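Beneath this line is the structure, given in C-alpha cells, with notes to follow.
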C-alpha cells in the first residue's frame, strides 16, 4: 500500500532552490574582501581607517552584489547590500561599545584595590600614588545622597501613580503632562535651580541634601511613570474583589493592589535610582566635592562617585585619571547590579501564573 | 454560623434605572427578592442583568459615567441614600464574580480571612471562621492540609469556591453571584450549584446565569430580562422558576426559555 | 410574595454616581495622593517661574542679542555682555551630528538583532544594548576624553587631508581634538542604545504576516525593509530619535570633557577645535559667576529647558501615535 500523503515534503520553500555552492560563495564573499584589505594594509602600511573606508567597503559591496546576484538573481543584489550595511554598522556599534566597556573594566581594574573601595582622599594629591586613598568617601556620599532622594521620591512617585490610577479627578491629565514635562528638565538646569535658590542666596552651603533636592525632579518622573504602569497592570477584578468585600479604598490599595504590583513598584524604584546614580552636573552645582568622608547629608560639602570622577579627570595627571577610571568601574558595577535586579524582577513578573 | 429564619423579603428594587454615560441600559426594574431563597436573573447578552446585579451592592458606581435612579431597599433602608457608606452596603451584600479573583499575593487562609482585615475587623476565633467558611463553600476537605499554599495554586473551580468562602466569611445577608460557573468545568459547576442550594438556607442569593438548566436547578424564583432593539433593558417576567420555564405568561419569555433566541 | 415588574409612569430622576470616598480614612488617603500630585505640579511650576524671574534681568539687559549674539564678556561690571548664540548653535550642531551618525548605527543594529541574528546572539545583544542605555553619561565622557578622542582626532585629520577642500572639513588650527565632530560621536554613542532599544521593540511588535506577505509576493528582503518595515515603524523610530535628541541637548559633563567651548559661532567646520553647548557652558561658568552672570546662566537654562520640552513633547506625541502600547 502506498500512501502518497505520507511522503515527506521538501522542507525548503519552492523559490529557495537548493544550491550546494551557495554556502561556499557566501562564505567567500564575506571573507575575501577582509583578507585582501588586511594584506594590503599590512604590506603597504596603510592607515587602518583609510583601508577600511577606501578598500574594504567598496570591495565588500562589489563582492556582495556579485554573489547576491549570482545566488538569487537581481533580487539578491539589494539584499546583499542591505545585509552588508546592517552588519557593518552593527560591528561599528559593537566595536565602540566594547571599547567603552573594556576601557572601563581594564583601566578600572588597574586602579582597583581593597583600600580603593574604603579609604577616603584626605591626604591625597592629584599625583599621589595609587597605593593610597580611594573612593570610600564618594561611595558613602553617593549612597547618602541617592538614598535621601529615594526616600523622598519613591513615596511621592507612588502617590502620584495612585492619584493617576485610583481617582477620577479631572486634573489627572494635567498632572500626567506636567510630570512628563519634568522628565525634560535638563539635569544641569535642575542643579542650577537649587544652586541659585539655596546656595547663592545663602540658605545653605554646599550640602548633600541640596544635591538630593536637585536630583528629585530627575528621578520623580521615572518613578511615577513606571509605578503608574505597574498599578495599571493589576487586574480590575482583583481590586473590585477587595471592594466587594466591604473594604475601604485605602485598605484595598494597601493590602491587595500594592502587593499585587510589588515587582513593578520595585522596578520603578530601581529604574529611578539608575536614572540618578550617575548624574554629575546637578551634584557639582550643589554638593561640590570633599576629600573627607562626610556622613552628614545636612552639613557641608560631600563627595560622590560622579563628582569624584569629574574632579580627577579635571586634574589631568595620569594617576588622577587612573582614579577616575576606578570610580567609573565602581559606577559601572552599581549600574550593572541595578540592571540585573530589574531583569530578575521583570523575569519574575513575566513568568506565567500557575493557573489562569 | 447564624441562621436567619425570616419569611419576609429584605432586598427590594424600586424603579431602578441605570445609565452608562448617556446610554439608558435599564428601565424601571422592580423586583422583591424573597428572603433565604435563590433568585436567578436570566436573559440574552446585553440585557442588563449583570449591570442590575452590580447595582445591588453599589459596585455599579465604580464604572466612570455610571448613572442611577430609583431605590434599592435593604431591610427597608435605601442603600443609595447619600448618608449610606457603600462600604457598609458591601459588608452586608457580598459578591462572587464571573471570573475567580482570589488575591494573588495571599495564601488560601489569608484569602478567606481577607475580608476581616480589609474591613478592619477582628475576630476571636479566626480558625473557626476559616473552617466554617471553607466548609460552607464545600472546599474544606480539599484544602484543609494546604491552607498556607498560594491561592493561585488551586484549580479554577477551587478558586471560585475559595472566593465564595471569602464572601461567606463576612457572613453577608445577601450573596450576589455573577455567572459564577461560566469559566468552570461541569464537575466544578455541579459542586458550586450544590453549595448555592445549601447556602440559601441561611441567606438570600441572587445569581446571574446564562445557563437555563442551571437556573432551573438552583433557583426558586427567576426574572427574565430583555432589551429590545436599542431600548433600555427591563424585566419581562418574574415569578416562580417552574412557572417561568414551563408556563411563561409572556411570549418572549417562552421564546427565550425554549431557545428560540439569545 | 413575589411581584413582577410594575413599570411606573413618572420619569425617574437620574443621578450620576461618583464613587466618592466616604470614610475619613479614604478621604485622607486620596487627599494625600492628590497633595503629592499637586506638589509635583507646583514643583515644576516653581522651577519654571523661578528660572523665569531670575532670567528676566539678563533678558532685559541683553535683549535679543542674548540668543543671537556671540560674545560673553563679564569682566567689566558696568558693561556685561552675555550672548549665547554659539552655544545654542553648538548644541544643535552636535545633536544633529550625533543623530546623523547614530541613527544608521542604531537602525542597523536593531535590524540585525531582530531579523538576522540567532536567538542567543539576539538576547545577548539586547542585554548589552539595554545595559548601555543605563550607562551614566559621565563615564561615556571619560572614555570619550581618554580613549576615543585620540582615535577620532586621527580620523578627523585623515578626513581633512583627503577632503579638506570641502568647507565642512576645513581646519585652520591644526588641532583636531575637542571638535563638534568628536562631541557628535559621543552623543551618538549615548543615543544609539536608546534608539536601538526603541526601534528593536517596534520591529519585534510588527505584524510578521505583513513581512511574510511581502516576501511571498516576490519582494526581496531589501525592498521589504524599505517599503514595508521602515514605513510602518517610522513613527516610533522618529519619536525615539527625538527622545535621543532631547537627551543630547541636556548632556552636560560628557560634552564638557570632549569639546572646546568658544564664544564664536562655528557654523559647520565640524573638525575645527571649537564648538558650543548650552548645558556645558552653564557648568563651566557657574563657579565664578557674579549675580548678573547667574542671571545669564538662568536665562540659558530656561532656553535649554524650553527647547528640550518642545522636542520631548513632539517625541511623545509621535511615539504615542505610532505605538499606543508604549507610553512615554
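Just so you know, all these numbers are worked out from the coordinates, no wet-lab data involved. From a predicted model like this one, the values you see are computed outputs, not experimental measurements. Note that we place each Cβ from the backbone using ideal geometry, even for glycine, and neighbour counts take in every protein chain shown.
Within a 10 angstrom radius of each residue's Cβ in A:175-182, how many Cβ atoms of other chains show up on average? Whole number is fine.
Partner Cβ neighbours, averaged per residue: 6.
Per residue of C:255-264, what is the mean number of Cβ atoms on other protein chains within 10 angstrom of that residue's Cβ?
1
Please compute, for peptide A:100-106, the average count of beta-carbon atoms on other protein chains lying within 10 Å of each residue's beta-carbon.
The per-residue average across the peptide is 4.
Report, in degrees rounded to the nearest 10, the 0 to 90 angle that the Cα long axis of helix A:305-315 makes with the longest principal axis of chain A.
Once rounded, one gets 80 degrees.
Over chain A, what is the relative contact order in percent, taking alpha-carbon pairs closer than 8 angstrom and at least six residues apart?
20 percent
Hey, how much of the P(r) for the protein assembly as shown falls beyond 45 Å, as a percent of Cα pairs?
Counting every Cα pair in the protein assembly as shown, those more than 45 Å apart make up 47 percent.
How big is the shadow of the Cα convex hull of chain A, averaged over all directions, in nm²?
Value for chain A: 32.3 nm².
In the P(r) worked out for region A:17-110, what percent of Cα pairs fall beyond 18 Å?
57 percent
Calculate for chain B the 222 nm mean residue ellipticity that helices alone would give, adding -39,500 (n - 2.57) per DSSP H run of length 4 or more and normalising by residue count, nearest 500 deg cm²/dmol.
Calculated mean residue ellipticity at 222 nm is -9000 deg cm²/dmol.
Would you please give the FRET efficiency between residue C:13 and residue B:229, computed as 1/(1 + (r/R0)^6) with r the Cβ-Cβ distance and R0 = 25 Å, to the nearest 0.05?
Taking R0 as 25 Å, the efficiency between residue C:13 and residue B:229 is 0.45.
What value in Å³ per residue do you get for the convex hull of the alpha-carbon atoms in chain B?
Looking at chain B, the number lands at 127 Å³ per residue.
Subtracting the Cα-Cα distance from 0.36 nm times the residue separation, let me have the gained length for residue C:165 to residue C:208 in nm, one decimal.
10.7 nm
Over the Cα atoms of region A:229-343, compute the convex hull volume and normalise it per residue, giving Å³.
Per residue, the Cα convex hull of region A:229-343 comes to 133 Å³.
If each residue of separation counts as 0.36 nm, what is the full-extension length gain between residue A:23 and residue A:129 once their alpha-carbon separation is subtracted?
So the chain would gain 32.5 nm between residue A:23 and residue A:129.
Could the peptides A:195-201, A:139-145, A:31-37 be put in order, highest first, of the mean number of other beta-carbon atoms found within 10 Å of their residues?
Ranking the peptides A:195-201, A:139-145, A:31-37 by packing returns A:139-145, A:195-201, A:31-37.
For region C:87-322, what size does the Cα cloud have along each of its three principal axes, sorted from largest down, in whole Å?
Each principal axis gives a Cα extent; for region C:87-322 these are 66, 41, 31 Å.
If you average the alpha carbon positions of region B:160-195 and of region C:105-123, how far apart do those two centres end up, in angstrom?
So the separation of the two Cα centres works out to 50 Å.
Once every DSSP H run of n ≥ 4 in chain A is given -39500 (n - 2.57) and the sum is divided by its residues, what mean residue ellipticity at 222 nm do you get, rounded to the nearest 500 deg cm²/dmol?
It comes out at -23000 deg cm²/dmol, rounded to the nearest 500.
Can you tell me the Rg and Dmax of region B:46-198, counting just the alpha carbons, in angstroms?
Reported Rg and Dmax, both Å: 16.0, 48.
Quickly work out the residue A:296-to-residue C:60 label distance, labels modelled 7 Å from Cα along the C-beta direction, and quote it in nm with one decimal.
Label-label distance for residue C:60 and residue A:296, simple model: 4.0 nm.
Shape of region C:248-302 from its Cα gyration tensor (a ≥ b ≥ c, root eigenvalues): rounded if a/c is under 1.5, otherwise prolate when a/b > b/c, or oblate?
Verdict is prolate for region C:248-302.
Contact order normalised by length for region C:87-322, with contacts defined as Cα pairs under 8 Å and 6 or more residues apart; what percent is it?
Relative contact order of region C:87-322: 32 percent.
Using packing as a proxy for protection, rank B:10-19, A:214-223 so that the peptide with the highest average count of other Cβ atoms within 10 Å comes first.
So the order, starting with the most tightly packed, is A:214-223, B:10-19.
Using just the alpha carbons, could you tell me how many Å³ per residue the convex hull of region C:58-160 encloses?
186 Å³
If you fit an axis through the alpha-carbon atoms of helix C:230-250 and take the longest principal axis of the Cα set of chain C, what angle between them do you get, 0 to 90°, nearest 10?
Computed tilt is about 60 degrees.
List the relative contact order of chain B as a percent without decimals, with contacts defined as Cα pairs under 8 Å and 6+ residues apart.
Computed value for chain B: 27 percent relative contact order.
Please give the calculated 222 nm ellipticity per residue for chain C, where each DSSP H segment of at least 4 residues contributes -39500 (n - 2.57) and the sum is spread over every residue; nearest 500 deg cm²/dmol?
-21500 deg cm²/dmol, from helical runs alone.
Can you compute the modelled spin-label distance between residue C:46 and residue A:237, with each label point 7 Å from Cα toward Cβ, in nm?
4.5 nm
State the antiparallel share, in %, of DSSP beta bridges confined to the protein assembly as shown, rounding to the nearest 5.
Taking every DSSP beta bridge within the protein assembly as shown, about 60 percent pair in antiparallel fashion.
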